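Below is one structure; the comments refer to it alone.
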């Protein structure tokens, strides 16, 4: 299922496996996680996998949209960011996300 869902998107296959392990070890396994996925290209595929696992997902295509989503939605567990796909500098994006949600895990 994982390979079919991400259709050759090698970057996200390894990231998804690692993210899944981090979520399971960091948070209670029976807890529904509220996640924000910021990515330009493969976010729908990743969101489908995470939703199938029972997580609540908010999607954003840009860093600015991700910051707005943090303000509008209750993202309590993690932000998944593919900084390489953003036009904005990754360090600046991470700093802004940490400032907006200091207690949220940034992945």
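In what sequence do 94, 58 fall when counting other Cβ within 10 Å, fewest first? List each step's numbers first, then the result.
On the way: 94 15, 58 19.
With the fewest neighbours first, 94, 58 line up as 94, 58.
Listing 20, 55 from the residue with the fewest other Cβ atoms within 10 Å to the one with the most, what is the order? All intermediate terms of the calculation are to be shown ahead of the outcome.
Values: 20 15, 55 19.
Neighbour counts put them in this order, fewest first: 20, 55.
Between residue 18 and residue 92, 0.36 nm times their residue separation minus their Cα-Cα distance comes to what?
On the way: separation 74, 0.36 × 74 = 26.64 nm, distance 2.37 nm.
Here the segment from residue 18 to residue 92 would lengthen by 24.3 nm.
Would you mind ranking 15, 40 so that the residue whose beta carbon has the fewest other beta carbons within 10 Å leads the list?
Lowest count first: 40, 15.
Any read-out appearing in this document is the output of simple, stated calculations on the displayed coordinates, not a laboratory observation. Note that the structure is a prediction, hence the values are computed from the model and not measured. Heads up, the Cβs are rebuilt from the backbone with ideal geometry, glycines too, and the neighbour counts pull from every protein chain shown.
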